[in-house]
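Sharing a structure below in structure tokens format, with a few things to ask.
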Amino acid sequence: MQVHITEDQSGSSAQAGAAPLLNFSSLFPAAEEVGQVWQSLLAAHSADPFRLAALQTGYFQQQLALWGAMLARESGLPASPVATTDKGDKRFAGREWRDSAYYDYLRQVYLLNSRFLSNLVETADLEAHAKDRLRFYAHQLIDAMSPANFAATNPEALQLALETKGESLHAGIRHLIDDVEQGRVSMTDESAFEVGRNLAVTPGEVVFENELIQLIQYTPASARVRKLPLLMVPPCINKFYILDLQPENSFVRYAVEQGNTVFMVSWRNITEERLGGFTWDDYIADGVLKPIEVVRAICKSDKMNALGFCVGGTLLGTALAVLRARGEERVASVTLLATMLDFTHPGDIGVFVDEASMASREAAIGKGGIFSGKDLAFVFSALRANDLVWSYVVNNYLKGKTPDAFDILYWNADSTNLPGPMYCWYVRNMYLENKLREPGRLSVCGAPVDLGSIRLPTYILATREDHIVPWKTAYLSTRHLKGDTHFVLGASGHVAGVINPPSKNRRSYWAGDHLPASADEWLAGADETRGSWWPHWNAWLEGFSGGECAARKKSGSAKFKAIEPAPGRYVKVRV
């Protein structure tokens with residue numbers, strides 16, 4: 001999934017030519033449907049005019065107080081702010097917003113208006129899904145209308161234009177033209193990175209490939225290794241190298257250095273129309289079950305340890321249930337990183353999923369075609385629009401600055417297309433109908449799927465500020481998996497909470513052996529530890545190592561010969 005960066009801020013058919021810069025058509029439903037969402041707000045407050053009157057009275061009182069404060073300031077009298085910026089909101093951090101009475105007033109009026117609209121939404125008597133949608137659209141409007149987003153009302157941008165004699169605006173226009181041509185807002189200096197040069201550089205070789213995946217075997221870092229290999233299944237809607245960024249923050253490198261023989265699935269970027277017919281069954285059969293078969297053959301091992309991240313974890317969980325239905329025991333332990341198996345509370349993404357939108361998408365690409373990675377990337381960015389859209393609009397276009405070089409954001413922009421049938425099946429059966437959690441409701445690769453049949457030692461990691469996989473939703477997996485399960489909660493967001501190397505000694509994690517029904521109850525009894533969760537996971541995985549053996553001197557085997565050096569061809573295809 002696309003990334004939500006916290007603390008480290010510094011997820012249709014492919015189209016030729018320049019794409020729209022902010023493709024709102026991929027994000028929002030038809031105008032008629034959006035209008036119905038806003039009408040629901042009006043209807044809710046029309047039913048209780050006294051509540052609306054109370055909100056309006058409070059709003060007018062705040063506006064009068066602001067006028068009074070501004071008049072006092074103009075008279076040289078001390079005046080406390082009426083509306084203050086929320087903690088962590090960097091949009092108005094510049095001193096220009098406070099030094100100028102005009103811009104200070106503009107800032108506070110915007111904040112009062114924003115909070116009034118938010119209060120209208122929060123006090124509306126609506127069912128949960130309708131309120132979630134309304135809340136999302138209200139926040140999109142609030143974020144978009146910030147005075148910081150417009151050159152004429154951003155004092156920092158205007159001051160910089162004066163200081164540079166207009167060069168900052170000229171540079172901003174150049175950045176805008178470049179981004180229009182590439183069809184997305186630049187979030188990082190992309191010239192600073194290249195896959196295979198300074199990203200995804202852990203040594204290894206591609207030892208197998210089919211139309212859907214390449215399988216990478218990484219070179220051992222020690223003379224002796226754990227007997228049971230480790231297979232990693234990354235999300236198929238992003239490139240695998242989120243787990244193998246630069247050497248200092250590569251999870252793959254860390255796993256190799258701990259004595260694991262690591263294999264990685266590298267998903268193909270679906271760009272050719274002939275691949276647009278792949279289904280969820282194909283992703284399970286060719287993308288998970290086949291790699292399990294190849295890893296076993298290469299390592300001459302009956303079992304292995306397996307790890308899935310995000311959608312990769314959902315695929316892995318499904319595949320393990322298929323194996324169990326077939327009576328095949330191929331895996332010794334499973335690790336699920338920021339993964340949903342139960343989609344009861346899917347978080348912000350749920351606002352996009354309903355029967356009407358799903359039927360429309362199925363009619364367009366459900367039987368063949370491609371769901372654009374750029375569209376999907378924009379959807380995930382819009383979930384945190386201030387951080388992942390508007391901050392870059394201001395920095396790149398209004399101030400004419402080049403974004404800093406940041407490897408996670410480079411990966412975030414390196415989006416992948418998905419085949420329409422696979423995407424539609426996944427969204428309908430997981431997000432819309434939530435069938436995976438129900439034993440036997442789904443049949444995959446000819447086998448009934450029952451998560452309860454998976455009786456394996458399981459390590460589940462969620463992250464506390466994750467907006468893609470809410471941590472309490474990830475916790476629901478403990479109710480469905482019947483093996484010895486450990487749940488760990490990391491600090492930060494969907495990616496920054498996972499990619500947290502021990503060398504940085506940053507953040508913390510919570511762990512607790514007792515798994516009550518309530519996620520809040522679990523957290524209340526969990527112990528917090530400063531630093532990375534990686535060593536905690538490694539100590540757990542050591543229990544399923546199968547002992548030690550001499551490291552293999554060559555990648556692959558007589559049957560599965562090395563094809564090319566890692567990271568392989570598939571990961572380098574961009575859209």
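Compute the accessible area per residue over segment 34-101, keeping the other protein chains in place, probe 1.4 Å, unit Å².
67
Pull out the extension gain between residue 508 and residue 72, defined as 0.36 nm times the separation in residues minus the alpha carbon to alpha carbon distance; nm, one decimal.
So the chain would gain 152.3 nm between residue 508 and residue 72.
Still on this structure, please answer the following. Report the extension gain between residue 564 and residue 95 in nm, rounded to one decimal, defined as 0.36 nm multiplied by the number of residues separating them, less their alpha carbon distance.
Extending this stretch completely gives an extra 163.4 nm.
Can you compute the helix-only [θ] at 222 nm over the chain? Use -39500 (n - 2.57) per DSSP H run of at least 4 residues, normalise by all residues, nearest 500 deg cm²/dmol.
Taking each H run of at least 4 residues, the total per residue is -11000 deg cm²/dmol.
Give me the net charge of residue 314's neighbourhood, meaning all other residues with Cβ under 13 Å from the Cβ of residue 314; Lys, Arg count +1, Asp, Glu -1.
Details: positive: 435, 437; negative: 342.
Neighbour charge sum, excluding residue 314 itself: +1.
So what is the accessible area of segment 376-499 per residue, in Å², with the probe set to 1.4 Å? Don't skip to the end; give the middle numbers.
Numbers: 3350 Å² over 124 residues.
For segment 376-499, the solvent-accessible area averages 27 Å² per residue.
Compute for the chain: radius of gyration divided by Kirkwood radius, i.e. Rg/Rh, restricted to C-alpha atoms, rounded to two decimals. Mind showing how you got there, number by number?
Numbers: Rg = 25.4 Å, Rh = 25.5 Å.
In the chain, Rg relative to Rh is 0.99.
Express in whole angstrom the spacing between the alpha-carbon centres of segment 99-175 and segment 304-369.
Segment 99-175 and segment 304-369 have Cα centres spaced 36 Å from each other.
Something else now. Need the list of lysines near residue 435 for cross-linking: C-alpha distance under 26 angstrom, and skip anything on the same chain fewer than eight residues off.
Of all the lysines, those that pass the test against residue 435 - Cα under 26 Å, at least 8 places apart if same chain - are 131, 290, 367, 472, 482.
Would you be so kind as to identify which of 235, 40, 351 lies farthest towards the positive end of the dipole of the chain, taking Lys and Arg as +1 and Asp and Glu as -1 on Cβ and the Cα centre as origin?
About the Cα centre, the residue reaching furthest to the positive side is 235.
At a 1.4 Å probe, what is the % contribution of carbon and sulfur to the accessible area of the chain?
54
Related question: Under 16 Å between alpha carbons, and skipping anything fewer than 8 positions from residue 227 in its own chain: which aspartates and glutamates qualify?
Partners found: 257, 302, 542, 548.
Write down the accessible area per residue of segment 304-371 in Å², having rolled a 1.4 Å probe over the full set of protein chains.
Roughly 29 Å² per residue, with all protein chains present.
Now a separate question. Take the Cβ-Cβ distance between residue 367 and residue 453 as r, set R0 to 30 Å, and report the resulting FRET efficiency rounded to the nearest 0.05. Intermediate values should be presented prior to the final figure.
Working: r = 31 Å, r/R0 = 1.04.
It comes out at approximately 0.45.
The values are calculated or read from the model by the stated rules, or taken from the named source; none is laboratory data. Everything numeric in this text was worked out from a predicted model, so none of it was measured. Note: ideal-geometry Cβ built from the backbone for every residue, glycine included; neighbour counts use all protein chains shown. Side chains included, ligands, DNA and RNA excluded: accessible areas come from the protein's heavy atoms. Shrake-Rupley method; radii C 1.70, N 1.55, O 1.52, S 1.80 Å.
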